[in-house]
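The values are calculated or read from the model by the stated rules, or taken from the named source; none is laboratory data. Fair warning: this is a prediction, and the values are worked out from it, not measured in the lab. Here the Cβ positions follow ideal geometry from the backbone for every residue, glycine too, while neighbour counts run over all protein chains shown. The accessibility values were calculated without ligands, DNA or RNA, using every heavy atom of the protein model including side chains. Shrake-Rupley method; radii C 1.70, N 1.55, O 1.52, S 1.80 Å.
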Amino acid sequence: MAGIQARIETALERMLPGPDIAPARLHAAMRYAVLGAGKRVRPLLVHAAGEVVTPEGTEEWLTRLDIPACAVECIHAYSLVHDDLPCMDDDILRRGKPTVHVEYDEAIALLVGDSLQSLAFQLLADERTTLDAKTRIAMVRILAMAAGSHGMAGGQAIDLASVGEKLSMPELEFMHIHKTGALIRACVNMGARISGGLNENEFASLDSYGRCIGLAFQVVDDVLDAESTTATLGKTVGKDADDNKPTYVNIMGLSPAKAFAGELRAQAHQNLAVFGKRARRLGELADFIVLRKF
Ligand code: GRG
């Protein structure tokens, strides 16, 4: 996994506009938002799902997977930059350093998010890659659905509207399946769909796996927000509770939230059983998502 993280860092470095290219301040800020930090869970998921289709991938195959992997990381980085803005979560720390609007300014942060979102689709649509046109369009569709109002942005709208509200468990789940889960699920689907090697039942199993870990990611995020420190997470902790937002911890309690994350991990593994050793890395990522401490 460290090897994939390193190749993603190199690919992102190459795909982002250089810091000296005009408009230099915007390009430098885009690089500040994306490079040098972050767990790269989403790119790792794209690669791990690709490994289910082609276990011993050639360099050419890995290069194909780098494209959706970098595209989804651009969308993720954009969402963090916008989420940190004063009009949303109003946060000053992200990935262990000042947020983009603090380091630069609010207008630049807005434009960084806009530009990273555009760059994601530019990468997927680029005809110079080895992806055929049908695959490129399928990737664009999966990512657009996951990022837009039926996915992450929609979930964020519900999140903003839920401040001070008492949500039921199904309402909380709906919000997080969209806000956090949709993009994670899209990673698995993009990695799996990049080659036609799986049947529809197998796609459905991977999709269910993606749904489980997408939700688990958020449950664990809520647990870490309650239990961890700002230094360990590189972002301000306890903010959701302070902002009076519903979380798994304040609705279920800490222990039941941890138990729920464990159940989702078990369900994720069940969905992988059919793939045997080919899904080893996806299994390890489910474990990481639930057992992580940062
Ligand atoms: C602004 C449209 C828009 C959406 C924002 C993702 C999101 C929606 C907001 C982020 C708020 C947040 C902390 C959500 C919890 C789950 C999450 C996405 C955590 C951050 O992801 P990690 O832990 O971060 O993968 P790194 O830095 O490791 O990439």
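Tabulated data for the structure shown
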read-out: Most mobile listed residue (Gly253, Gly148, Gly238) in the chain, GNM with C-alpha springs under 10 Å; value: Gly253
read-out: MRE, 222 nm, helices only [DSSP H, n ≥ 4, -39500 (n - 2.57), over the chain, to nearest 500]; value: -22000 deg cm²/dmol
read-out: Neighbour cut-off at most 13 other Cβ (10 Å), DSSP loop, trypsin sites (Lys or Arg not before Pro), region 68-165; value: Arg128
read-out: For region 221-227, 3J(HN,Hα) per residue [Karplus equation, 6.51 cos²θ - 1.76 cosθ + 1.60, θ = phi - 60°, Hz, x = Gly/Pro]; value: 4, 5, 5, 5, 4, 7, 10
read-out: Length added when fully stretched, Lys97-Val140, from 0.36 nm per residue minus Cα-Cα; value: 12.4 nm
read-out: Taking N as its residue count, the alpha carbon Rg of region 2-291 over 2.2 N^0.38 Å; value: 0.97
read-out: Pairs of Lys in the chain closer than 16 Å at Cα, counting only those 8 or more apart or on different chains; value: 8
read-out: Interatomic Cα distance distribution for region 152-198, bins of 5 angstrom, percent; value: 5, 21, 22, 17, 11, 9, 8, 4, 2, 0
read-out: Peptides ranked, highest mean first, by Cβ atoms within 10 Å: ranges 166-177, 217-228, 39-50; value: 39-50, 217-228, 166-177
read-out: Probe 1.4 Å, protein heavy atoms only - accessible area per residue of the chain in square angstrom; value: 43 Å²
read-out: Virtual spin-label span in nm between Thr232 and Val274, 7 Å along Cα→Cβ; value: 3.7 nm
read-out: For peptides 268-281, 109-122, 16-29, sequence by mean Cβ density within 10 Å, most packed first; value: 109-122, 268-281, 16-29
read-out: Phi to ³J(HN,Hα) by Karplus 6.51 cos²θ - 1.76 cosθ + 1.60 over region 81-86, Hz, x for Gly, Pro; value: 4, 5, 4, 7, 4, x
read-out: Rotationally averaged projected area of region 203-294 (alpha carbon convex hull; nm²); value: 6.1 nm²
read-out: Additional length obtainable on full extension of the chain from Ile21 to Asn244, 0.36 nm per residue less Cα span; value: 76.0 nm
read-out: Length released on extending from Glu200 to Glu106, taking residue separation times 0.36 nm less the Cα-Cα span; value: 29.4 nm
read-out: Backbone HN-Hα couplings from phi across region 129-140 [Karplus 6.51/-1.76/1.60, Hz, Gly and Pro as x]; value: 7, 8, 7, 6, 4, 5, 5, 4, 5, 4, 5, 4
read-out: Cα→Cβ-extended label distance, 7 Å offset, between Val163 and Glu60, nm; value: 5.3 nm
read-out: Interchain or long-range residues, amide H under 5 Å from Leu93's placed H; value: Thr99, Thr236
read-out: Relative contact order for the chain, counting Cα pairs under 8 Å that sit 6 or more residues apart, in percent; value: 20 percent
